[in-house]
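No value in this document is a laboratory result; all are computed from the given coordinates. The model shown is predicted, which means the values in this text are computed figures rather than measured ones. Here the Cβ is made from the backbone with ideal geometry for all residues, glycine too, and neighbour counts use every protein chain on show.
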Amino acid sequence: MASVGGNHYERAFESWLKDNGIQYLLVDQQKRTAFSKSKIKSFDFLFYTPDRRAYLAEVKGRKFEGKTFTAFGSLQNWVTTDDIKGLENWVKIFGNRYEGLFVFVYNLENIDVDSDGREIYEYLNRRYVFMAVAVSDYKKGATVRSKKWKTVHLSAEHYKNCTIKPDEMICRKVKL
């Protein structure tokens, strides 16, 4: 099944879900207004891991021009306060079985990148690294990045401590 709309970050993550046999639903970009009549900011994917955990995922695409992930300082991880509120509201609507998740998709601009043990996923002649953070963990460490744009971000240390490699998330037997 071909992707419906979305940017290359979302399409790469969708391809990764397919390649890993993960059941998912993609929120059609063109139907988001109908899906979210209540004006709650929508999410990108609903997916289920093999151990039957359920996630509502918001994909955040970022370009990575650095050489290493080890310090985490150069990894942009900002989101808007509406992103956080939206995921939290959808979790309430769907129920406690679902976990809100930010999936940061880094498009690697350099050929030689130390991904700190993270899988580099190739999709349509681009290279990506996926990192996930539960919205609850994100909210605990979020600090204001821009009041004007209503954005927040995580310190490098907090981001490193709460980030989950998607391949580890699939294999986990405990809830995030």
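Quick one: P(r) of the chain from all Cα-Cα pairs, 5 Å bins, percents rounded to integers, in order of increasing distance.
Histogramming the chain at 5 Å steps yields 1, 8, 17, 21, 22, 18, 10, 3, 0, 0 percent.
For labels at residue 68 and residue 80 in the simple 7 Å Cα→Cβ model, what's the distance in nm?
Taking the simple label geometry, residue 68 and residue 80 are separated by 3.6 nm.
Whole-Hz ³J(HN,Hα) for each residue in the range 112-120, computed from phi via Karplus 6.51 cos²θ - 1.76 cosθ + 1.60 with θ = phi - 60°, x for glycine and proline: what do you get?
Each residue of the range 112-120 in turn: 9, 10, 7, 8, 6, x, 7, 4, 9 Hz.
Pulled fully out, how much extra length does the chain show between residue 143 and residue 112, if you take 0.36 nm times their separation in residues and subtract their Cα-Cα distance? It would help to have the intermediate numbers written out before the result.
Values: separation 31, 0.36 × 31 = 11.16 nm, distance 3.14 nm.
The span from residue 143 to residue 112 would gain 8.0 nm if fully extended.
Among 72, 94, 45, whose mean-square fluctuation peaks in a Gaussian network model of the chain (Cα, cutoff 10 Å)?
Greatest mean-square fluctuation among the candidates belongs to 94.
Provide 60, 147 in ascending order of the number of other Cβ atoms located within 10 Å of each residue's Cβ, fewest first.
Values: 60 21, 147 7.
Ascending Cβ contact count within 10 Å gives the list 147, 60.
Do the alpha carbons of any pairs in 139/165; 67/148; 60/165 sit beyond 22 Å of each other, and which pairs? Write out the running numbers ahead of the final one.
Details: 139/165 19 Å; 67/148 31 Å; 60/165 15 Å.
Pairs exceeding 22 Å: 67/148.
Divide by every residue of the chain the summed helix terms, -39500 (n - 2.57) for each DSSP H run of at least 4, and state the resulting mean residue ellipticity at 222 nm, rounded to the nearest 500 deg cm²/dmol. Kindly include the intermediate steps, with their values, before the conclusion.
Values: 6 runs with 50 residues, N = 176.
Computed ellipticity for the chain at 222 nm equals -8000 deg cm²/dmol.
Go through the range 137-149 residue by residue and turn each phi into a ³J(HN,Hα) via Karplus (6.51, -1.76, 1.60, θ = phi - 60°); whole Hz please, and just put x for glycine and proline.
So the J values, rounded to whole Hz, are 5, 4, 4, 4, x, 5, 10, 5, 9, 8, 5, 4, 8.
Give the lysines reachable from residue 39 as a straight Cα distance under 19 Å; neighbours fewer than 8 places away on the same chain don't count.
Cα-Cα hits under 19 Å: 31, 85, 92, 150.
Work out how much length residue 92 to residue 54 would gain on full extension: take 0.36 nm times their residue separation and subtract the Cα-Cα distance, in nm to one decimal.
Working: separation 38, 0.36 × 38 = 13.68 nm, distance 1.32 nm.
Difference between extended and current length: 12.4 nm.
What is the fewest-to-most order of 143, 49 by other Cβ atoms lying within 10 Å of their Cβ? Don't skip to the answer; put the middle values down first.
Working: 143 9, 49 17.
Listed from fewest to most nearby Cβ atoms, that is 143, 49.
Would you list which aspartates and glutamates come within 14 Å of residue 41, measuring only between C-alpha atoms, while excluding same-chain residues fewer than 8 positions from it?
Here the aspartates and glutamates satisfying the reach criterion relative to residue 41 are 28, 58, 82, 83, 88.
Pop out the ³J(HN,Hα) list for the range 81-87 in order, Karplus 6.51 cos²θ - 1.76 cosθ + 1.60 with θ = phi - 60°, rounded to Hz; leave Gly and Pro as x.
Per residue, the Karplus-derived 3J(HN,Hα) values read 5, 5, 4, 5, 4, x, 4 Hz.
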